[in-house]
Amino acid sequence: MDTFMCCCTPYKPRYRRLVDAIYPRSLMEGLINSNMQKLTFYAISRPEKLDKIGKYIVSRLSRDLYHQRYNQVKISVEAMDQLLQSCHDLSSLNKFIEHFLTMLQKLLETNHFQMEKLATDSFVNFANIEENTPAYHREYDFFISKFASMCHSNNSGISKDARYAGLRGLRGVMWKSTTDPLQTNIWERQYMDKIIPSILFNLQEDDSDESKEKRNLFSVIDQPYAMDGVAESPRALADQFIRELMAKAPFGLVSVLDPVLKHCDLHTKWEPPPIFAIYTFRAIMYSVKDPSFVIQALITHLENMSNSNASVRIGIATVLSSIVSIAGTSIGPSLIGIFNSLLKHLRRSVEFQQTEECPSIDQEKIYQESLINAMGDYAYALPDYQKVEIMLFISANIPNLGKDSQSLKPSDIFLQHILVKTLLKVATKYRTGFMSTIFGNNFPNTLLRLALTSDPIVRLDTQCIFHTLLDRHDNLSVLRHLPYVNDVTDLQLTFEKCSRSDEMIMRNYAPHLLNALYRCVWMVPEDETQGEHMDAILCTMALLCIEVGFDEMLIQLFRLSFALQSMALESSFHFSGAKRIAIHNLVAKYLNFSSQLMAIPSLCQHVQQIVKQRALRAHPLLNLLSELQSGKSSPKKAPLACDDDEEQAALCLEEDATILFDINDVSEMLKATGKDVKNLMVPFVSKDATLAPSASGDMIISRDWPFREYEKMNNIDGTDTSGIDENTISIDISIDWNQSESAQTSRKNTLFSSTEKSDTPPTTVNELRKNINMLIDPSEQKKMEQNRTQRILDKFRTQDFNKLVEEMNQEREEVDLSRTVKRLLQRNDDASRINECGCYNKPKNIFELKLPESFVF
């Protein structure tokens, strides 16, 4: 019986024998490729065995890990990778992947960097495999947590490699989750709170040998796209990762941006200069699908941080200013909402600055400047039509525009300064193409109100807004401080002929603008800013001459110049000698500038002759040739107080007509060149304007007069706040507006005295055109309507009823069309004439029968 007994090994299934065959006998050798090919063929031909093959390999890997046979572990991982690559089309792949992920989890749990790196590489290869079968229950929670912890490794020896491996693992999780909608939703907040901080932590850390200055320089470089090639450092990989993550993020996902904002809060990345925050958000803006959503999220975060230190708010506003230009082309309907939010924060900062709780006013001003720069940079990237909408929106938010500064709260006054400065910032980003886009809406009405406000800073900023809107050929740099020049060609100006559309727009708007300029000169403060105001007004007049220099506009500007000359001569205004001299110099510079542009030799000779006479005989401050010879610009700072000699010299200009510009001579010179100079002789008047001294000695100014008619043309409900007497006709007469009874006329009274209008109809086409284009006085029209209404009421209250009936019937007969037509027909009807002569012998036929009126149509 013993002869039948033998020893044999236990039976093993074939898949186990094939798996065991891939491992070499020596622990130092690698995978046996020939046996691996046999195992792969067996797995493909027997798909039902794939699950058992994976389970057996994982069991061997666990045993090898326990005995620390790492070479055998590497062979197991390599075998699993090859099987996964070869069998990805099999229906039973899901069970094998479960064993594969279990293997990777065991490797990551060892806390051995080589095993962790091996698992990361294997997972990245798995993430690049496209599966054909859906997976419903697969989760990556462990891998996200483990890879995120690897990104924060602080081991001095392997920290850089561990962070790099962790970023690669998280990137693999993102690839696998976003390609398959049935996978784990990686965009949930619980996952983003781990992934985003891990990326940002490595983005801010750079262990390279570069200096800090180079890293800061690299951070602010504009990089619309991720760097090409394979990232060699954790920072470069983090840059690629965050751009790719934001590009794959769904539309308007809050869970992606909240961790970024929270990271900047916790790590004080908003502190100026916020270089890291700027670089991070620029990378996000270039990658995200909706850049405006990032802007709105930052604004919302700024609102949440409204009670934080000013340095934090300054950092957020600086980041906004740096990235808003990127979102300019994709704003859409959220444009006004974003600007409204920025204006709300600006208003809140202004109000907080005026309270006693503000710890640092300088910091608040820096914060306000950052918000203003953000709005300006935002507007720069917008189309032109949206820039106009933004300017209209900002102007509509300026508080209490029509009130005096004395009746405003300090916070409102300061807010006016800030908003006008914001409006100027946006206007500098806009380039006017056609005047109709700016002056064809309600925006000019606001500018005129701003130009006449009682605050000199606001008035000066408003003139700068006019400059940026009128300058279409980049002449502002030359005209901002226009000097007296012998040859205007030295300025190298660029201009072209005014278009027909611009001419039509400015015909309606120019009278109001020129009236406002006249009043602005009257309101120029007599302090150290006097020169700046005069230069700004002169620049506006020069730009009007260049940009909209059609004949009627040029005549109106000459008319304004002579009105300003008369203002400087008027002693009842109580101007200082320095201001009078500044006005005379303004008029002389403009007349010299415009006469040379118009190329009229006689006019140029007349202006230059007057300037030479002033240089020889007038006050030294009126000598414009001295600054021309010395090559210096005009003094920007006027003296605060003038000597008696200077006051007397300024007042004596009225007596010496030879050093004043003569309107009659200028009129003849313009007429000789074919210009229509009839409007030049029209007094520069405004019946709605009042210049009256107040109790404190200052002038009370009605700021509604220059643009009431403009409001009427644009259907704006302007409020008439002043009752104006009809006798207030000429601006150039005395303060009480009573016309002088003296018959003596002087140079100024020749132009600026009140003239009676003739009741005779116009006899020429030019006179008819003049009457058509003449502006209607709103107060006079209102008074005529009131008188007409009163006459009608008195008529129906006092007259007899029968007489009223008779008048009504008479009016109806006069306007009855049927009666009029019948009367005209009867006048030329031969039959009617015969009947009137008494010829009734001819019998009547049916066509001659006279029917009742009720049957006649």
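The values are calculated or read from the model by the stated rules, or taken from the named source; none is laboratory data. Remember, it's a predicted structure, so these values are computed and weren't measured experimentally. Glycine gets a Cβ as well: all are built from the backbone with ideal geometry, and neighbour counts include every protein chain shown.
Could you grab me the full set of residues in the range 1-26 that are modelled with pLDDT of 80 or more and not small (Gly, Ala, Ser)? Walk me through it before giving the result.
Going residue by residue through the range 1-26, those that are modelled with pLDDT of 80 or more are 13-26.
Of everything in the range 1-26, those that are modelled with pLDDT of 80 or more and not small (Gly, Ala, Ser) turn out to be Pro13, Arg14, Tyr15, Arg16, Arg17, Leu18, Val19, Asp20, Ile22, Tyr23, Pro24, Arg25.
Could you tell me which numbered condition Asp258 fails, if it satisfies all but one of (1) in a helix (DSSP H, G or I); (2) at pLDDT below 75; (3) acidic (Asp, Glu)?
For Asp258, the failing item is (2).
Name every residue in the range 349-390 that is free of Cβ contacts under 8 Å to residues at least 24 places away in the same chain, more than 13 Å from Leu335 (Cα to Cα) and not in a helix (DSSP H, G or I), in order of residue number.
Matches in the range 349-390: Thr355, Glu356, Glu357, Cys358.
Name every residue in the range 75-91 that is in contact with a Pro (Cβ under 9 Å, 6 or more places away or on another chain) and surrounded by fewer than 16 Cβ atoms within 10 Å (Cβ to Cβ), in order of residue number.
Kept after step one, since they are in contact with a Pro (Cβ under 9 Å, 6 or more places away or on another chain), are these residues of the range 75-91: 75, 87, 90-91.
Scanning the range 75-91 gives a single hit, Ser91.
Would you mind finding the one in Val485, Val521 that is touching a helix residue (DSSP H, G or I) at 6+ places or on another chain (Cβ under 9 Å), under 19 Å from Tyr590 (Cβ atoms) and not in a helix (DSSP H, G or I)?
Values: Val521 fails: not in a helix (DSSP H, G or I).
Criteria check complete, one pass: Val485.
Could you tell me whether Glu232 is over 39 Å from the mean Cα position of the chain (by Cα), surrounded by fewer than 19 Cβ atoms within 10 Å (Cβ to Cβ) and at pLDDT below 85?
Details: over 39 Å from the mean Cα position of the chain (by Cα): yes; surrounded by fewer than 19 Cβ atoms within 10 Å (Cβ to Cβ): yes; at pLDDT below 85: yes.
Here the answer is yes, as Glu232 does meet what is asked.
Name the single residue, out of those in the range 476-498 being closer than 15 Å to Cys604 by Cβ and not aliphatic (A, V, I, L, M), that is surrounded by the most Cβ atoms within 10 Å (Cβ to Cβ).
Restricting to residues being closer than 15 Å to Cys604 by Cβ and not aliphatic (A, V, I, L, M), the top hit is Tyr484.
From Leu31, Leu61, Leu101, Leu84, grab the single residue that is over 21 Å from Arg138 (Cα atoms) and in a helix (DSSP H, G or I). Steps first, answer last, please.
Working: Leu31 fails: in a helix (DSSP H, G or I); Leu101 fails: over 21 Å from Arg138 (Cα atoms); Leu84 fails: over 21 Å from Arg138 (Cα atoms).
Sole residue among the options that is over 21 Å from Arg138 (Cα atoms) and in a helix (DSSP H, G or I): Leu61.
Could you check, for the range 437-450, whether at least one of its residues is buried (at least 22 other Cβ atoms within 10 Å of the Cβ), in a loop (DSSP other than H, G, I, E, B), not charged (D, E, K, R) and not assigned by TED's automatic domain parsing to the domain that holds Val611?
No: the range 437-450 contains no residue that is buried (at least 22 other Cβ atoms within 10 Å of the Cβ), in a loop (DSSP other than H, G, I, E, B), not charged (D, E, K, R) and not assigned by TED's automatic domain parsing to the domain that holds Val611.
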